[in-house]
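The structure under discussion appears below in the form of structure tokens.
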Amino acid sequence: MRKGIELYSFKEIEKIRRACGIVAEVLHILAENVKPGVTTWDLEMIAREETKKRGARPAFLNYRPPFHREPYPAALCVSINDEVVHGLPKKDKVIGEGDLVSIDFGVIIDGYAGDSAITVPVGRIDPDKERLMVATKEALRRAVEMAKAGNWLSEIVETIHSTAEEFGVYPVLRYGGHGIGRKVHEEPFVPNNRKDLGKKDVKLRQGMVIAIEPMFALGTEETIQDGDGWTVRTKDRSPSAHFEHTVAVTKEGPLVLTEI
Ligand code: MF3
Ligand code: CO
């Protein structure tokens, strides 16, 4: 342990990879089920069933994240359009044509966690939503490349923030990635917005495992909390996109664990 940041051995990273593989498989199935008329609760049910089939357990269900006072009551976070993150699945929340649906999911198996998120367009989406999605995905791709031993955490943050600027969109404040391994949320916090960077930087080292998760919005970096106590929305109600991978810092460079 160093500054509260866990370092994982090759064997442990293999275990995290197993959890991550299941996350990727389930997300793939969920993406295929995102269609007009489907509710976010339907997706929740599919996620629980597919996780059980694979001998894992949902990492978020009944988990109390460090940033909240109560345990999260679902396996999935499904955030549509102006919802940024932690969208609580609901039986009356119906997906429609043109929506931007982000699905965030994690599992635990054999004591190790994996976490990933994708944003799925429903049918034809408007060009602004398309640009937002492309920007967020590109930010994740570039940020992953920076996850090398010897690089600084601030370089990841700078990559994410400047990618948002390049595409004319906004990296949301206060929400971001995190260390992951034996627990879903470990040190360090990985901001998406450079304003959230603290004074002390972190040098990336072999054995660190981090979830990198850019969340961008079309019109603002500010968010508000929804009445359900979980769902986070953009302050101006503009759409938002979210992509996340769990990445290990290895001798060979960044290793994306949440890809099948
Ligand atoms: N991937 C989300 C995050 O890192 C997981 C949310 S956990 C929840 O913030 F329990 F709060 F939903
Ligand atoms: Co995460």
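Out of Phe60, Phe105, one residue alone is in a loop (DSSP other than H, G, I, E, B), within 16 Å of ligand 1 (Cβ to nearest atom) and within 18 Å of the chain's Cα centre (by Cα). It is Phe60. Filtered by the rule that a residue be within 14 Å of Pro191 (Cα to Cα) and in a helix (DSSP H, G or I), the range 145-180 gives Leu153, Ser154, Glu155, Ile156, Val157, Glu158, Thr159, Ile160, His161, Ser162, Thr163, Ala164.
Among the residues in the range 239-260, are any surrounded by fewer than 23 Cβ atoms within 10 Å (Cβ to Cβ), in a loop (DSSP other than H, G, I, E, B), touching a Leu at 6+ places or on another chain (Cβ under 8 Å) and not charged (D, E, K, R)? Scanning the range 239-260, I find no residue that is surrounded by fewer than 23 Cβ atoms within 10 Å (Cβ to Cβ), in a loop (DSSP other than H, G, I, E, B), touching a Leu at 6+ places or on another chain (Cβ under 8 Å) and not charged (D, E, K, R), so the answer is no. Within the range 211-228, being out of contact with any Ser or Thr (no Cβ under 9 Å at 6 or more places or on another chain) and within 13 Å of ligand 1 (Cβ to nearest atom) holds for one residue alone: Asp228. Restricted to the range 185-238, and to residues there that are part of a strand (DSSP E or B) and polar (S, T, N, Q), the residue that is surrounded by the most Cβ atoms within 10 Å (Cβ to Cβ) is Thr234. The number of residues in the range 23-66 being without any contact (Cβ under 8 Å) to a residue 12 or more places away in the chain and hydrophobic (A, V, I, L, M, F, W, C) comes to 1.
For the range 78-92, taking the residues that are touching a residue at least 40 places away in the same chain (Cβ under 8 Å) and outside any loop (DSSP other than H, G, I, E, B), the one that is nearest to Phe216 (Cα to Cα) is identified as Val84. With the requirement that a residue be within 16 Å of ligand 2 (Cβ to nearest atom) and under 19 Å from Ala135 (Cβ atoms), what does the range 233-246 give you? Passing the criteria: Ser240, Ala241, His242, Phe243, Glu244, His245. Is it the case that Phe243 is among the aromatic types (Phe, Trp, Tyr) and away from ligand 1 (no atom under 13 Å from the Cβ)? No. Restricting the range 32-50 to residues that are under 16 Å from Gly87 (Cα atoms) and of a type outside the set (S, T, N, Q) leaves a set whose member that is surrounded by the fewest Cβ atoms within 10 Å (Cβ to Cβ) is Met45. Looking only at the range 76-95, filter to residues that are hydrophobic (A, V, I, L, M, F, W, C) and near ligand 1 (Cβ under 9 Å from one of its atoms); which one of those is nearest to Gly227 (Cα to Cα)? So, considering only residues that are hydrophobic (A, V, I, L, M, F, W, C) and near ligand 1 (Cβ under 9 Å from one of its atoms), the one nearest to Gly227 (Cα to Cα) is Leu88. Looking only at the range 38-57, residues that are away from ligand 1 (no atom under 16 Å from the Cβ) and either within 25 Å of Pro121 (Cβ to Cβ) or not in a helix (DSSP H, G or I) (or both) come to 9 in all.
Every number here is computed from the coordinates shown, using simple stated rules; none is lab data. Quick caveat: nothing in here was measured; it's all calculated off a predicted structure. Backbone-built Cβ (ideal geometry, glycine too); neighbour counts: all protein chains shown.
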